[in-house]
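Please find one structure pasted underneath; my questions will follow.
The values are calculated or read from the model by the stated rules, or taken from the named source; none is laboratory data. Everything numeric here is computed off the predicted structure, so don't read it as measured data. Glycine gets a Cβ as well: all are built from the backbone with ideal geometry, and neighbour counts include every protein chain shown. For accessibility, only protein heavy atoms count, side chains too; no ligands or nucleic acids. Shrake-Rupley method; radii C 1.70, N 1.55, O 1.52, S 1.80 Å.
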Amino acid sequence: MATEGSSGLAQSAAVKLSEMGERTKQLGSAIQDPERQRRIILVIVCVALLLDNMLYMVIVPIVPAYLARLESESEQLSHAVARANSSDNATSGQVQPENFDLQIGVLFASKAILQLMVNPLTGTFIDRVGYDIPLLIGLVIMFASTCIFAFAENYATMFVARSLQGLGSAFADTSGIAMIADKFTEEAERSRALGIALAFISFGSLAAPPFGGVLYEFAGKQVPFIALACVCLADGILCLTVLKPFSSRTRENMPVGTPIYRLMIDPYIAVVAGALTTCNIPLAFLEPTIANWMEETMDSSEWEIGLTWLPAFFPHILGVYLTVKLAAQYPHLQWFYGALGMVIIGASSCMVPACRNFEQLIIPLCGICFGIALVDTALLPTLAFLVDVRHVSVYGSVYAIADISYCVAYALGPVVAGKIVHDLGFAQLNLGMGLANVLYAPALLLLRNVCLMKPSHSERNMLLEEGATGLYDTIRMEERQARKHGYSTAGNCLPVDENGKFAANSRSYSEEETSEPEYI
């Protein structure tokens, strides 16, 4: 009887193990499905971007208050140790606020400064090794940075953590956006995917200050950073499981990307990069200065200052949605959506100094974020399309340029904005930023014929002239065959000749591909 019972248990255990193995195999096959894998990759990248921007902004309500408390404790200790030296203590107390503001500004800017310095190198590195390994490296560095922030107890340690976050962002942000551009090849789906990524960026930036402030107030400094570190760890595990960065064969057959210095001197890419920098200057310059202005002008409460940017999340999402829908219907007007966004940003920036209460201030801030959504959602896919039609379709370096454009604004903001407000005034700062955006908008007219460009023949000839010789070539041929009866990635635009005039035979790129001989 005992033998029969044990054999029955063994059989039931074997059946359960077999069922578990079958479910694991089904899950693995489901993950390997190309469409589902693209969606999972989009989730991984969006979570990485959300974490980066939450970590960037979550310190805004935490670090100044925490460092001020540390300084107060240190000052009390110094008073207790040397009470006799009262004149020196008074002098140090007078210079303390100015030095403290400078320290906070440098701490906030250190992330963008290091990211700005490292991005040219990470862009080239991503072009060489692919997108998955740099994304994992970025997540690991961000995880370490978040843990250091959680347990940091002095300014120097926080400075190291903030700078380390810039290094992680240079890997994660650039490789993540480039991976989206690489996986979503059609212009409509690429715009939609990048729009979703921008929505996560916006939510992370605008929701992080209240998130960090509430948790810091009721649970302590460590809790918000530990929560973000746990999410970062989960995203890294998902990246290892789905992307399998150290077992990918596609890296060996990736084409050589265009060097970043050649992309920088491309006039079309330069115009897009300038627009990305200019449109983000109002947001980057207002974030460190608007709190003091609200206290002085409106006598705003702490909760109003903490919730200043949160309502702007909704018009940002609306701007992303509208731009994606309009780009799908009228792809040749991408430049116009960007120019319109810059005009809206300029007008909204000029309205900010005229506001006299919190309710009035919400309107121009929502206008700024709505305009930024139009510019980013229209121009980020344009960068990928410019690389497709003028260079080689490898996106690490071009999105490193986009990241550099953002970093220029956010590196200058915490350091320069306060100086401008002190010397010229808050109203002059906003008028200057608004005027800069309005004056730059006409430069986007240079992009009006971008969608009329023919896709570059150099990569296609280089890869497919002698047939498929590797995995990358085979994938490219399969994608072309799958799109044989589809539509052009440039929308319903007509090709032009080398002189920029309409070609006599106005066929789309997809038709041109169909007429070419197939290689076996």
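Going by accessible area, probe 1.4 Å, with all protein chains left in place, what is the ranking of GLU217, GLU35, largest first? Write down the numbers at each step before the final one.
Details: GLU217 130, GLU35 80 Å².
Listed by decreasing accessible area, they come as GLU217, GLU35.
Right, here's the next one. In sequence order, what are the phi-derived ³J(HN,Hα) couplings for region 200-213 according to the Karplus relation 6.51 cos²θ - 1.76 cosθ + 1.60 with θ = phi - 60°, rounded to whole Hz, with x for glycine and proline?
Per-residue couplings from phi come out as 5, 4, 4, 4, x, 5, 8, 8, 5, x, x, 4, x, x Hz.
Label points 7 Å out from Cα along the Cβ direction at THR185 and HIS422: separation in nm?
If labels sit at THR185 and HIS422, their model points lie 5.5 nm apart.
In a shell of Cβ-Cβ distance under 9 Å around ASP173, excluding ASP173 itself, what net charge do Lys and Arg (+1) and Asp and Glu (-1) give?
Working: positive: none; negative: ASP52, ASP403.
It works out to a net charge of -2.
Among residues other than LEU238 whose Cβ falls under 13 Å from its Cβ, what is the net charge (Lys/Arg +1, Asp/Glu -1)? Intermediate results must be reported in sequence, preceding the final value.
On the way: positive: ARG39, LYS244; negative: ASP132, ASP235.
Local net charge: 0.
Please list, in order along region 149-164, the HN-Hα scalar couplings obtained from phi with the Karplus expression 6.51 cos²θ - 1.76 cosθ + 1.60 (θ = phi - 60°), rounded to whole Hz, x for Gly and Pro.
Each residue's phi maps through the Karplus curve to give 4, 4, 10, 6, 10, 8, 5, 4, 5, 5, 5, 4, 5, 5, 5, 5 Hz.
Which residues does a label at TRP303 reach in region 345-368, if reach means a backbone N under 19 Å from a point 7 Å past the Cα toward the Cβ?
Label zone hits: 357-362.
Here's a follow-up. Regarding region 368-428, what's the average projected area of the Cα-atom convex hull, expressed in nm²? Show your work: numbers first, answer last.
Details: hull surface 21.5 nm².
Averaging across all directions leaves 5.4 nm² for the Cα convex hull.
For a Förster distance of 60 Å, can you work out the FRET efficiency between the beta-carbons of VAL256 and ASN357, rounded to the nearest 0.05?
0.55
Now, a different point. Compute the distance in nm between two label points, each set 7 Å from the Cα along the Cα-to-Cβ direction, one at LEU446 and one at VAL214.
Those two pseudo-labels are separated by 4.5 nm.
Another one. Determine the dipole magnitude for region 123-190: charges of +1 sit on the beta-carbon of Lys and Arg, -1 on that of Asp and Glu, nothing else is charged, the reference point is the Cα centre, and the result goes in debye to the nearest 20. Before the final figure, lay out the partial values.
On the way: 4 positive and 8 negative charges, 56 e Å.
In debye, rounded to 20, region 123-190 gives about 260.
Same structure again: Beyond 16 Å, how much of the Cα-Cα pair distribution for region 316-442 remains, as a whole percent? Let's see the in-between values first.
Details: 5470 of 8001 pairs.
Every Cα pair in region 316-442 considered, those over 16 Å come to 68 percent.
Please list the radius of gyration and Dmax for region 150-216, considering alpha-carbon atoms only, with Å as the unit.
When restricted to Cα atoms, region 150-216 yields Rg and Dmax of 16.1, 49 Å.
Please give the net charge around LEU263, taking every other residue with its beta carbon less than 11 angstrom from that of LEU263, where Lys and Arg add +1 and Asp and Glu add -1. Don't skip to the end; give the middle numbers.
Working: positive: ARG262, ARG390; negative: ASP127, ASP266.
Net charge around LEU263: 0.
What are the extents of the Cα atoms of region 285-364 along their three principal axes, in Å, largest first?
Computed over the Cα atoms, the extents are 47, 21, 19 Å.
Share of region 192-243's accessible area from carbon and sulfur, percent, 1.4 Å? Mind showing how you got there, number by number?
Details: 1710 of 2180 Å².
With neighbouring chains kept in place, the figure for region 192-243 is 78 percent.
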